[in-house]
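*Asks:* One structure follows; several queries about it will come next.
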Amino acid sequence: MINNNKRIPVHILTGFLGSGKTTLLREYIEQGSAHRTAFIINEVGDIGIDHHLTQRLDGETLLLESGCLCCEVRNDLKASLLALLNQDTNEHLEQIIIETTGLANPAPILATIFNDRELSQAVVKGKIVTTVDALTAEQCARDIPEWANQLSSADSLIFTKTEKLSESDIHRLQNLCSATNPFASFYIKHPNNTATLAQAIHSTTPPRLLQATHEQPAYFSIRSIANHSAIQTEAINVESVDWQRFSIWLSMILYRYNDQILRVKGILKDSNTGNYVLLNSVRKILAPLEIIDKETLNSPSLGLVFITRGLTPNDITASFNAFNISPN
């Protein structure tokens, strides 16, 4: 039965084909981290292989059989989530983990959670964890748009298949991924570390956007810091905004550029209320705004980061400045 007093976090485990999602999930279950956890396994095709690999005795695992969660708001996903939440056996459920296919874009999953009134009262976005195959990452960055979608959506990245990589290889991989998603946390999957997924999901470390220091100002400089497969990161250094004008501008910019904007993340001060607000969007899907305690900010720098595809450098900044959003 749905507990209206407690919203259940829904974590999303995504990553390109063959990057090790199911292995991580199996280890997560086997090490005992999955207590009071329900799973939704999404697969393309008629045979639910991953579903069978992650069967467990003390919880609920559902197979979403109708294809890849990558195109639209999904009524089947809504039905599966509500079915889990309404079961008496899941009265003490503490979290739900969705494992997507290797081709999925997390944005429609978020749209399903955020845009449905019934679901939004029962669940809340947890962590988006993306697995990155260290052996194929550079090729995927060049050739696979889905890879970039998954990477740019992530709160945390888990590098898999790193056994034969040197420290310099790992550093190059981190730089490659930071160019597309500068605020995701990194985790390296080692053969003897079976707690990687648990670390990524349950970490209370603030996002890297909150950890920017004066020695690392690149996250807020107004310039492109990436250009992989026409993907670039444009950052706007702005501290205080008129929230009403900003909201109008953000809605306009998200719909104007549509799928060319992969992700937006930022921390801004509302000039009217004085609140510090965490903003997080995957494509046009804007997560509920969060009020941030000023004391948790490790840097006075505030601003916005846009991950885009195919835009001219400074398109977003020029529009922002023209809209006169910052208070005089």
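Throughout, read-outs are computed from the coordinates displayed, never taken from laboratory work. What you are looking at is a predicted structure, and each value in this text was computed from that prediction instead of being measured. Counting neighbours? That spans all protein chains shown, and the Cβs are built from the backbone with ideal geometry, glycine included.
*Asks:* Quick one: which of 282-290, 127-135 comes out on top by average Cβ neighbours within 10 Å, and what's the full order, highest first?
*Replies:* 127-135, 282-290
*Asks:* Could you give each residue of region 126-143 its phi-based ³J(HN,Hα) in whole Hz, using Karplus coefficients 6.51, -1.76, 1.60 with θ = phi - 60°, and x for Gly or Pro?
*Replies:* My calculation for region 126-143 gives x, 8, 9, 10, 10, 8, 10, 6, 5, 7, 10, 4, 5, 5, 4, 4, 7, 10 Hz in order.
*Asks:* While we're on this one: Along the charge dipole of region 119-180, Cβ charges K/R +1 and D/E -1, which of HIS171, SER156, ILE144 sits furthest on the positive end?
*Replies:* SER156
*Asks:* For region 79-84, take each phi angle, set θ = phi - 60°, evaluate the Karplus expression 6.51 cos²θ - 1.76 cosθ + 1.60, and give the result in whole Hz per residue in order, putting x for glycine and proline.
*Replies:* 4, 5, 5, 5, 5, 5
*Asks:* In this model, which of LYS125/LYS294; LYS161/LYS265; LYS21/LYS189; LYS6/LYS125; LYS265/LYS294; LYS6/LYS127 are farther than 19 Å apart at the alpha-carbon? Don't jump to the answer; show the numbers that get you there.
*Replies:* Values: LYS125/LYS294 22 Å; LYS161/LYS265 29 Å; LYS21/LYS189 11 Å; LYS6/LYS125 13 Å; LYS265/LYS294 17 Å; LYS6/LYS127 17 Å.
Pairs exceeding the cut-off: LYS125/LYS294; LYS161/LYS265.
*Asks:* Checking the a/c ratio against 1.5 first, then a/b against b/c, what shape does the Cα gyration tensor give for region 148-199?
*Replies:* oblate
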